[in-house]
Amino acid sequence: MSRIGKKAIAIPAGVTVTLSGQAVSVKGPKGQLAYTAPDEIVVTQQDGQITLTPTSQSQRARSMWGLSRTLVNNMVDGVTKGYEETLELVGVGYRAAIKGKTLSLQLGFSHDIDMPPPEGIAFASAKPTEIKISGIDKQMVGETAARIRRIRPPEPYKGKGVRYAGEKVRRKEGKKK
């Protein structure tokens, strides 16, 4: 039995949930998100709560039960609070700037890297060495942060590169004379 799937999702004030078959649509103050639940899951709404139940006890149904509940809960949290990821740039000359909506990165290459934001994502850079990625879709925020980090991941000798805020980079010892 899924411990996560058993929990009901509370619908906060100002959030509207619409169910039509397997499609779940959540609308809140920050925007609207939609999800189509797999056929093995039944989604019901009653008393200001959303409950998900599996149709059978197969391995796939039990796996999809916890996943679907988490995805619907992330949608409800996203349209109310939103999600944010922070990246840090470590290295001499590594800078980030916002040009319009586009993120411009200087990461030690011979050219600047310009990244337009995906749909529903916003970039902010209070300091030249910090990037904040925000949006209502948790997966999209995390994926965008991972794409930016992948351009120049932190290297183990000097620790230079793009890292998540608070990420610990395991350092290696350099060669000896």
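Below are the figures for this structure:
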{"quantity": "Residue 144 surrounded by 13 or more Cβ atoms within 10 Å (Cβ to Cβ), closer than 30 Å to residue 13 by Cβ and out of contact with any helix residue (DSSP H, G or I) (no Cβ under 7 Å at 6 or more places or on another chain)", "calculated": "yes"}
{"quantity": "Where a residue in region 92-120 is polar (S, T, N, Q) and its partner, wherever it lies, is surrounded by 14 or more Cβ atoms within 10 Å (Cβ to Cβ) and assigned to a loop (DSSP other than H, G, I, E, B), with Cβ under 7 Å and at least six apart", "calculated": "106/94"}
{"quantity": "Long-range neighbours under 9 Å by Cβ, at least six apart or interchain, first residue assigned to a loop (DSSP other than H, G, I, E, B) within region 143-164, second among the acidic types (Asp, Glu)", "calculated": "154/167; 157/173"}
{"quantity": "Residues within region 1-54 that are assigned to a loop (DSSP other than H, G, I, E, B), free of Cβ contacts under 8 Å to residues at least 60 places away in the same chain and basic (Lys, Arg), tallied", "calculated": "0"}
{"quantity": "Selection status of residue 61, more than 30 Å from residue 19 (Cα to Cα) and small (Gly, Ala, Ser)", "calculated": "no"}
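All of the numbers you see were taken from the coordinates with simple rules; none came from a lab. This one's a predicted model, so the numbers in the text were calculated from it and none came from an experiment. Ideal geometry is used to build each Cβ from the backbone, glycine not excepted, and the neighbour counts take in all protein chains shown.
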